[in-house]
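Colleague: Below is a structure I'd like to ask you about.
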Amino acid sequence: MPQLKYDNRLFNSREGETVLEASLRNGVVLPFSCRSGICQVCLQRCVSGCLPEAAQRGVKPELRAKGYFLPCCCMPTGDMVIAPPCDEDLFTSAIVHDKRALTDEICQVLLDTGGGFGGRAGQFINLRQPGGVARSYSLAADPVADYFLELHVRRMPGGQLSNWIFHELKVGDVVDIQGPMGCNYYAAGDSQQPLLLIGSGTGLAPLLGIVRDALVRGHCGDIFLYHGVRDPYRLYMHHALLELGAKHANFHYVPCVSGAKSGVGTVRGRAHEVALAQCPDLRGWRVHLAGRAEMVFAAERQALKAGAAPAEVFADAFELTDRRRKPRGTAASDRRSRPLPDPEMWEALGQGELMGSILEDFYTRVFEDPLLSPYFRGVTKRRLVEKVYSFMCQIFTGTQYYFGDRPRNAHHWMVIPDDLFDHRERLMRDSLRRHNLAPHLIARWLAIEESFRPDIVKTEPWPRVVGGVALPMEGFDEIVLDVGSICDSCGAEISAGTRVRYHVRLGSTYCPCCHSA
C-alpha cells in the first residue's frame, strides 16, 4: 500500500482509496467541498513521490509545475510526501474598481487585477473575503480582451459572502481571487457553427461573457441566448441584451419567464424547454449551459437527445438555495411528533418485502442521478438501502428497528435547496408508482417524507447536535457508541461500547483498527 506523509504524519492508502479518503480515515483534516475535482478547494502540493497525471487534471499549468494536485481525484500509485498549498501560489490580489446594483438582489462587481490575469470569459474564479470565506463567481467579461473582471453576484438568504459583498465591500477594497477555472468558454474554430446558450438567474453572467467573446472574435454563425427567470424584473440585463441584438444580426436574445406574470417581449416558460422547442435539432451545434443545477442537467440531457455531440455540450451548474426557507431551530425539530404506525401500509408493502424492492429501485436511480449522487460519495448503495429500510420499518410498524441518526443530524452538513428536495420527491413518487402502490398510500408515504423537509432543506450546513450540544463542523472527535455500527472504512462491525473516531461533518465512523493503523 502506498505510504503518505502529511505534516510529519505517516499513514497508508488502501486500494481504490483517494488521498482525501485516506487522509480523512486517518484523522488528517484536509479542506474539501465537491469531492469531484471541480471546486479545487482541496488543492495540496506533492513535495516528492509518485503523482498520477489524473490528479492534476484541471489544475493550472503553473501550479502543476509546482506539484499541486487534487487529493479528491488522486489514487496514489506510490509513496507521496504532501504539503499544504502556499497562499501566494493560489490567490492574487484585486482591487474593487466599481460596484453597482443591477437589481435589488443582483450587483455587478468590477475587479482590477493590474492586467495579465489570463483566463477566458465564461470561466469562474474563487473570491475570498478577509475572514477566509470563499465562493465561486463566473466571469461576464473576457480577462484578456477586457481590463476589468466582471462578476454578477446574487444576494443569497443567509449567504455569508454575498451579503458581505452587498453591504460591506466598497470601491477601493482589496480582495483575494483564485483562478480562473472551468471549461465553459467560447472556443474559436468554426466561426459558422451555430451556438445555443441557455442560462437561469445569474447563470447569465458566463453566457454573456461567451457571447461577447464570440462576437469580438468575429463569430458569424447564429448565436441564440435563452435567459430564464421566474419574474420579469429578474431579467437584469434585458435592455443591454436587446441593444446587443440590435447591433449584431446573428445574435438572438430570448427572455423566458416561468412565473404567473410575463412581461412584454418575453416568452412564457422555462428557458431550457423553450430553447429545445425552438431549436429541436442540435446536430452540429455547440451548447453552453449555466445556472441552477436542476435546469442545467435537464437541458444537457435534452440537448443530447436533440442530437448535440457530447463533446460540444459545456455546462456550469450553480447550486442555488431557495430564498423562502430558513433553517429551523433544533428545539422545534426535536419536539415534532413521529408519525403513527400504519398497519395498512405495512400490509400493502408485503411486511417489508415490497418496500425493499422500492428502495432498491429508488436508490439505483439516485446513484445514477447527477444532482443527487454527489451527496453519497463513499457510501454503498446496499448500506444506504439497509439504513433507510430500518428507518421506514420503524415508522410504519412502531417497532424499534433503527438506531442511527435522525434526519436532521444525518443530513446536517448537506446544503440542500427546496428544488433538490422536490426533485428527490419526484424520483420517489415514480418508484412507488412503478411498484403499483395504491395512490392513497403513495400520498401517505410522501407526506411522511415531506414532514422531514425542515430537517433537511437549508442554505448552509448546521452543527450536528448530540445530547443538546452542538458539535464542531470540521475535524475529528471520538465517542463511545451507545449502539452497534459499521466502520465506514473497512466495513467491519463495531459493537456497542466501543470508542471510535468520527468525522464531525460527515459523520463517517472509523473502528479502532482503522484509526490506529
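Colleague: Being of a type in the set (Ser, Thr, Tyr) and touching a strand residue (DSSP E or B) at 6+ places or on another chain (Cβ under 7 Å) is the filter; apply it to region 170-205 and report the residue that is surrounded by the most Cβ atoms within 10 Å (Cβ to Cβ). Walk me through it before giving the result.
Modeller: Filtering region 170-205 down to residues of a type in the set (Ser, Thr, Tyr) leaves 185-186, 191, 200, 202.
Next, from what is left, pick out any that are touching a strand residue (DSSP E or B) at 6+ places or on another chain (Cβ under 7 Å): 200, 202.
On the way: Ser200: 28, Thr202: 24.
Taking the candidates together, the pick is Ser200.
Colleague: From the list Phe391, Phe396, Phe421, which residue is more than 29 Å from the chain's Cα centre (by Cα), among the aromatic types (Phe, Trp, Tyr) and in a helix (DSSP H, G or I)? Outline the logic, then answer.
Modeller: Numbers: Phe391 fails: more than 29 Å from the chain's Cα centre (by Cα); Phe421 fails: more than 29 Å from the chain's Cα centre (by Cα).
Just one listed residue meets the conditions, Phe396.
Colleague: Can you tell me which residues in region 238-293 are among the acidic types (Asp, Glu) and assigned to a loop (DSSP other than H, G, I, E, B)? Show your work before the answer.
Modeller: As a first pass, look at region 238-293 and keep what is among the acidic types (Asp, Glu): 243, 273, 281.
If the condition is that a residue be among the acidic types (Asp, Glu) and assigned to a loop (DSSP other than H, G, I, E, B), then Asp281 is the only one that fits.
Colleague: Residues of region 105-146 being aromatic (Phe, Trp, Tyr) and within 21 Å of Gly172 (Cα to Cα), which ones?
Modeller: Just the residues of region 105-146 that are aromatic (Phe, Trp, Tyr), to begin with: 117, 124, 137.
Listed by number, the residues that qualify are Phe117, Tyr137.
Colleague: Would you please name the residue that is farthest from Asn184 (Cα to Cα), looking only at residues in region 132-145 that are touching a residue at least 24 places away in the same chain (Cβ under 8 Å) and not in a strand (DSSP E or B)? Steps first, please.
Modeller: Filtering region 132-145 down to residues touching a residue at least 24 places away in the same chain (Cβ under 8 Å) leaves 133-145.
From the residues that got through so far, the ones that are not in a strand (DSSP E or B) too are 133, 139-145.
Working: Val133: 24, Leu139: 11, Ala140: 12, Ala141: 13, Asp142: 13, Pro143: 14, Val144: 16, Ala145: 17 Å.
Ranking the qualifying residues of region 132-145, first place goes to Val133.
Colleague: If you go through region 219-238 one residue at a time, how many are touching a Ser or Thr at 6+ places or on another chain (Cβ under 8 Å) and either open to solvent by 40 Å² or more (accessible area, probe 1.4 Å) or in contact (Cβ under 8 Å) with a residue 60 or more places away in the chain (or both)? Spell out the reasoning first.
Modeller: Just the residues of region 219-238 that are touching a Ser or Thr at 6+ places or on another chain (Cβ under 8 Å), to begin with: 219-221, 227-230, 232-236.
From what is left, the residues that are either open to solvent by 40 Å² or more (accessible area, probe 1.4 Å) or in contact (Cβ under 8 Å) with a residue 60 or more places away in the chain (or both) are 220, 228, 230, 232-234, 236.
Total satisfying the criteria: 7.
Colleague: A further question follows. Need the failing condition index for Leu244 against (1) at pLDDT 95 or above; (2) buried (at least 21 other Cβ atoms within 10 Å of the Cβ); (3) closer than 22 Å to Leu139 by Cβ, just the number.
Modeller: That leaves (2) as the condition not met.
The values are calculated or read from the model by the stated rules, or taken from the named source; none is laboratory data. Keep in mind it's a predicted model, so treat the numbers as computed, not measured. Neighbour counts are summed over all protein chains in view; Cβ atoms, including those assigned to glycine, are modelled from backbone coordinates with ideal geometry. The protein model used for the area step is the full one, side chains on, heavy atoms only, and it has no ligands, DNA or RNA in it. Shrake-Rupley method; radii C 1.70, N 1.55, O 1.52, S 1.80 Å.
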